[in-house]
Amino acid sequence: MSVSAQIVNATPRVLVFDSGVGGLSVFDAIAASGLALDLDYAADNAWLPYGLKSDVELRDRVPALLAALAAQWMPDVVVLACNTASTIALEEVRGLLSVPVVGVVPPIKPAAAQTKTGTIGLLATPATVARAYTDELISRFAPDKHLIRFGSSALVNAAEAKLRGDGLDGSAMIEAIKGLFDAPGGGEIDVIALACTHFPLLAGELAAAAPHSCVWLDSGAAIARRVGLVSAALPGTAHARRIGFTDLAAARALQSALDARGFERVFAIDAHAGFAAHSP
Ligand code: DGL
């Protein structure tokens, strides 16, 4: 099915959403795609981590929050840059929004295409590894592969800490690597699907901690291509425009990560009202 946005902004405007900084890995891939886009980012960091929330809680919160944000920020395309939210609430979000919504789900299909040993590591949040959506992706795209799953919220915290400049939590990394490679048959893993958008922010450290070299796959480049198709953006430069947080005070520590991406304005999002407390 081809979905293209009805572009209302002179330059296509894309809103990237995640619970925290993880979606910045997707944002970076879109920014690097060589397309003229205005990029906004919204983080529900007051509710981090999503991977420990129940399905009901996420379904209650994420679609309503995104609908309110979209009504105020007027994107042409929304990217739900969160596997944990996409695997439980993507259809609800699409149902509420009048613009195309690109979801980010575990990269099982490319992992199945690239494994030579037939053993794939799946690293995601505790919620995503246990989702029916994930089971369906595996039975559809990797029915003959051996999937070894490991769910970690500690890695989400480690990625947040890294972008705050707080240093690395090596124990989260070691626990995840052991969880995959020490599992029965884990020595055969040759491809790892990073199915949480926070984890590509730690890809170098994870690869260095692994017992042998593997292909580390994430969804960033594929999502960037999808955004390019849906927005019909022209070649050019992407601009980081606005970034909003449901806990702005906690986000202050991220200043250098935000500066590195060149955001023009930083906002508080009032999660109760569901929109930016100060008009963006
Ligand atoms: N970055 C998110 C994901 O892709 C969720 C992290 C979290 O809040 O648990 O799953």
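From the list Ala68, Ala10, Ala29, Ala43, the lone residue that is small (Gly, Ala, Ser) and surrounded by 24 or more Cβ atoms within 10 Å (Cβ to Cβ) is Ala43.
Can you give me the ranges of the strands (runs of 3 or more DSSP E) entirely in the stretch 90-175 with at least 2 residues that are crowded, with 20+ Cβ neighbours inside 10 Å, of a type outside the set (Val, Ile, Thr) and modelled with pLDDT of 95 or more?
Details: elements: 101-103, 119-124, 146-151.
Hits in the stretch 90-175: 119-124, 146-151.
Just one residue in the set Ala249, Ala210 is under 19 Å from Asp44 (Cα atoms) and more than 16 Å from the ligand (Cβ to nearest atom); that residue is Ala249.
Scanning the stretch 223-280 for residues that are part of a loop (DSSP other than H, G, I, E, B), modelled with pLDDT of 95 or more and small (Gly, Ala, Ser) yields Gly236, Ala238, Gly262.
Criterion applied to Asp55, Asp40 was being closer than 24 Å to Leu258 by Cα and at pLDDT 95 or above, and the one residue passing it is Asp40. Residues that are more than 12 Å from the chain's Cα centre (by Cα), in a loop (DSSP other than H, G, I, E, B) and within 15 Å of the ligand (Cβ to nearest atom) within the stretch 17-67 comprise Asp44, Leu48, Pro49, Lys53, Ser54, listed in sequence order. Among the residues making up the stretch 187-216, those that are under 15 Å from Ile148 (Cα atoms) and either touching a Pro at 6+ places or on another chain (Cβ under 6 Å) or among the polar types (S, T, N, Q) (or both) are Ala193, Leu194, Ala195.
The values are calculated or read from the model by the stated rules, or taken from the named source; none is laboratory data. For clarity, every value in this text was computed on a predicted model and none was experimentally measured. Using ideal geometry, Cβ is built from the backbone for each residue, glycine included, and neighbour counts are taken over all protein chains shown.
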